[in-house]
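First the structure, in the form of structure tokens, and then the observations on it.
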Amino acid sequence: MKKVLSIFILVLTCTNFINAQDTGTLRGFVTDSLTAEALVYANAYIKELNKGANSDSRGYFLIPGIPTNKTYQLTISYVGYKTKTISIRVTKEKVVQYNIQLQAEGIQLNTITQIGERYKEKNETNVSVQRISAREIEIMPKGVETDVFRSIKYLAGVQSTGDVSAKYYVRGGASNQNLVLIDNVTIYNPFHALGLFSVVDPDMINNIEFFKGGFSAEYGGRLSSVMSIITKDGNKNRLSGKATASFLTGKILLEGPIPNGSFILTGRKSYSNKIIDKFLSEKNIPVDFYDFSFKANYSNNDFLQGAKFSVNGFYSGDKIKHSDPRIEDYQWNNNVFGFHWFQVGDSPLFYELSLSASRFNGKVDPKISDARKTENSVEDLGILMNFTYMFDNKDEIGVGFHIKQIKTSLYIENDRSIPTDLGSSGANISLYLKYKLMQFNFLGLDLGTRINLASLSKNENRTVLEPRVSLTLRILPTVAIKGAAGIYQQELTTISDENEVINIFEPWIISPDYLKPALSKHYILGLETNFFEAFTFNVEGYYKKVDDLPLINDKKILPEEHDFIAGKGESYGLEIFTRINPEPINFTASYTNAFAYKEINGKLYYPRYDIRHSVNLGLEIDFGKGWSTSFAWIYNSGLPFTQIIGYYDKYYFDNFFAPWFQFDPRKPYTIIGTQNLGRLPDYHRLDFSLSKKINFDWMNVKFDFSIINVYNRKNIFYFKRDTGERVNMLPFLPTATVRIEL
Amino acid sequence: MRKYLFLIIIFISIISCEENLNPYGELKERYILNCIIRGDTTFQTLTLTRDYQVDNFDPYSNKEDVNIKNALVRIWNGNNKVTILRDTTIERPVGDKYKTPYTVFKTNDLLPNPNSAIEIEAILPNGKKLTSVASVPDAITISEGSSDKVIPPVDNKKFIKISWSTSEKNPVFIVRLAIYFFKHENGVKTRNVLTVPLNYIQYGEAWIPNYPKPVTDLAYSVDMNTIKKAMELISDNDTNKSRYEILSCIFEVLSLDPELRKYYFATARSRDIYSVKLDETDYTNIKGGYGVFGVYMRTYWVLRFTHDYIKSFGYTPGLTDVK
């Protein structure tokens, strides 16, 4: 095995060396001509060489191995922008930089001019990855207002347990197995209002990369998925603003230039609970929430050639306050701060350094109610360094170093009013190495590993190596086989359980020392086809196994008993996705057949989010002249639920001191059957959105009108076990938003 | 066009309908034994019931008597002494959801021995057997030297305090301080009890009592301001204060055995008002069924009011004065 590996490395090195002769490298940034905002996944293509690249999440692209001393035509294209062609010339063994600004054709999709030579990486190792740009977020079905967490539920393999929660479950994994990053900084509880909405204001997003599994070695710390959100830099050319009002929130955005850079500020505040009450079956919950973000960036070649610095902050807070001392109060907030330095050098090397701090605080103040006092905090300080070097033959080496110092504390007051501290602290030091083989057009291979040099968990059986591999094999020009496999470790967990269909917040803690950190193994195999320009058809199958899954010990009675016990998880499924997008129509359809199991104490059961069949249909049409519409239809086969076997009259200690004959201390109590063996009726819902944008000289106004659950399907959410009352999900709900851009 | 519109409306009407769901699995007959042995009396009671289903998902709608009669119930508590509990029927308390008399098994001959094992066995008429074991906690002794006897306290303290001792390991106590008084109305004297909370919290015009939660300490204290507020609330807005005849204040403390403690914690847990948890786990220490078998020891301590203190509220003293 060692011999094979040595030969492989030698071949790669030699190839790199041979390819390095008489060539130069072209790199650049693709940005919007009006705002200078990075355009992600833009195409850069040199027709004469049939070579090209796609810009990354920073708008950065790099094309190595360009023969020198000749002029070429570089074509840059991007959906919704005028294609631009410029002449370029590279120098031997030098990196030449061209920054390209593209001019928007207008928001209307039907005004897009035909993109010239579109370049698409034939061997990109992107199985189970969904890339969503700001433009795509804008045309997604909105609901009450655009919410990326709700929108990703339209993707195959992403499940939800109902309309009420924005929480999502990816390929049979629990919601706490999803990593959410904003500019590379972890957000621990990214939800407002009991999980109804995400804290991420879509107006601040430039792009999202969503990995449903098989993610490469630069990501770690979660078992199931990664959502990496890159925020906008802000308008570098002029000061501008937006104000948006929906039935739920009011928000503003301000962006503009600063010397050698730009800034962006966004703020959102809830002002009405009417919509929230609809989500929660007319329960009147006085939720009050806000979020605020800023980002500023600075890039000055006189100060440091090829460097870009940025600072960003994100703050969100929720409060539920009652004046009545018999009803408890709640508050929770996220504070995130990051500093980033992105540096391109004179060689095809770029590196980035990020320093970050993320803090979550949640609190339940019982006042004089019977609720338990709870206080949770997570402090996460991180240093991240990534180095990427691209060879002339397009192969890449990536090396990264991640240090995370995490401190969690969870104070729970038990029924005897005794506080229990479940907190601990530790450092996770991880190194990752990866080699991306891209030199063969028919083959792409991303081979790497995370090496955990130090772990948060003090359990001796933690995993040191987390190897990952991702592969693309193009068997025909229009057909590629894709696959991925990897090992993923998670050392943090939440102390909530899946039976809580609504909860205030999920307290995070480092996995207790008596449990091994949870470990998952992903195996993914897929087929991607692009027979026609406007037609995509993908099939992916996956298998995921999780060991040492920390599950709530529901047998716990006494405070000294463990809160968690180790369980197992297993999931597998098949996802079929197709997209037909002849302009101005974009039609998507997906079908998922999935199976998920959990095992606790030798007992196997379906988790609550185990949906056997899912169908998602989406249709977006741009009529031109500012009019656009979208429809989304979701069908899910029934969610698992636990059947009632009967009732018995249970003894309650309401009053120890009353004489025995004065009252009967027994009340009905539900006897439940085998966990989640029953199935609720099927779920389906149609949503509709209609948008109109009016452009004036000095401002743009956009109206969005949406209807959730157009045909008022009465989808069951749950039924109350004590009264038998059926609680349905969202009814027919029309909403509207208006946005003014200056 | 009309035809298509009509078809669309029919289609939407069908798919938007609420689908019926039967949340019930198969009912298996289960039996429930509830028996809480009190350590301060020889009179003990027990109930035996069975489970049930209802048609409308509302368990409170069940009116069928689920009590079981004619069972053989025996309790052993030290020295191999067997106590047999015999069934009788009694009238339901006012407002009970069941309207028929219910069956209680009782004895007047069982005083549990502290620090001993206690065992129960119920053989039902169909031959099913329910058993359980508990341990009688140690007795509680009020520490006279460190407990107040008079309200207000003789040394003008701002609080009253009661201390006690027990050899029980990891004890949990339920406490109550209550004022006993008579109210004279239309020539009729009614006995009343007002529980003194840990404190009062003002909410608008109302004073909300904050009652004590289970304690692990061997002492309990209440601020004199709380006792004053409780005394005021006895008559509340009634201007005829003199018709309230104040007797005394009684402090009661209960010590739960480990099984009862577990059961109590399992049932006393309350969730926040917004969270929705679908499946809850149940706790029982009854072999062969559901329910609870446990023991608690109880003791009490009387605190007397001075006449001056009672009169300061305009009330009438009901007992002799304390000096």
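The numbers here are math on the coordinates, done by the rules we state, and not lab data. Owing to the predicted nature of the structure, the values given are computational and were not obtained by experimental measurement. Note that we place each Cβ from the backbone using ideal geometry, even for glycine, and neighbour counts take in every protein chain shown.
Structure summary
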quantity: Protection-proxy order for peptides A:480-493, A:622-635, each taking the mean of Cβ atoms within 10 Å per residue, highest first; calculated: A:480-493, A:622-635
quantity: Coil-residue GluC sites (Glu not before Pro) of segment A:524-616, DSSP, other Cβ within 10 Å capped at 15; calculated: A:Glu533, A:Glu560, A:Glu561
quantity: Table column - 3J(HN,Hα) (Hz), segment B:240-255, Karplus curve with 6.51, -1.76, 1.60, x for Gly and Pro; calculated: 7, 6, 5, 7, 9, 9, 8, 9, 7, 10, 10, 9, 10, 9, 10, 10
quantity: Mean Cβ neighbour count within 10 Å, used as a protection proxy, ranking B:102-114, A:175-187 highest first; calculated: A:175-187, B:102-114
quantity: FRET efficiency, A:Arg326 to A:Lys94 (Cβ-Cβ, R0 60 Å, nearest 0.05); calculated: 0.25
quantity: Helix axis angle, A:2-19 relative to chain A longest principal axis, alpha carbon, degrees; calculated: 40
quantity: Average Cα contact separation per residue, chain A, under 8 Å, 6 or more apart, as relative contact order %; calculated: 10
quantity: Average partner coverage of B:22-29, which counts Cβ from other chains inside 10 Å; calculated: 6
quantity: B:Arg74-A:Lys269 FRET efficiency (beta carbon distance; Förster radius 56 Å; 0.05 resolution); calculated: 0.25
quantity: Net charge, B:Asp155 excluded, C-beta distance under 13 Å - Lys, Arg +1, Asp, Glu -1; calculated: +3
quantity: Residue order, fewest to most surrounding Cβ atoms within 10 angstrom, among A:Met699, A:Met385, A:Met227; calculated: A:Met699, A:Met385, A:Met227
quantity: Rounded if a/c under 1.5, otherwise prolate or oblate - the protein assembly as shown, Cα gyration tensor axes; calculated: prolate
quantity: Shielding score for B:35-45, defined as the mean number of other chain Cβ atoms within 10 Å; calculated: 1
quantity: Residues A:Val727, B:Val196, sorted so that the one with the fewest Cβ neighbours within 10 Å comes first; calculated: A:Val727, B:Val196
quantity: Cα-Cα over 18 Å, subset of A:Lys521/A:Lys568; A:Lys667/A:Lys720; B:Lys69/B:Lys106; A:Lys167/A:Lys516; calculated: A:Lys167/A:Lys516
quantity: Exposure proxy order (Cβ contacts within 10 Å, fewest to most) of A:Arg474, A:Arg268, B:Arg86; calculated: B:Arg86, A:Arg474, A:Arg268
quantity: Distance histogram for segment A:328-466 (every C-alpha pair counted, 5 angstrom bins, percent rounded to whole numbers); calculated: 2, 9, 13, 13, 13, 12, 11, 8, 7, 5, 4, 2, 1, 0
quantity: Exercise: per-residue mean of other protein chain Cβ atoms within 10 Å, A:668-677; calculated: 5
quantity: Loop trypsin sites (Lys or Arg not before Pro), segment B:49-79, which have at most 14 other Cβ atoms in a 10 Å radius of their Cβ (DSSP); calculated: B:Lys63, B:Lys69
quantity: Modelled FRET efficiency - R0 45 Å, A:Glu48 with A:Ala736, Cβ distances, 0.05 increments; calculated: 0.30
quantity: DSSP-assigned coil residues among trypsin sites (Lys or Arg not before Pro) in segment B:141-183, each with at most 15 further Cβ atoms within 10 Å; calculated: B:Lys149, B:Lys157, B:Lys158, B:Lys169
quantity: For segment B:15-97, average projected area of the Cα convex hull in nm²; calculated: 9.3
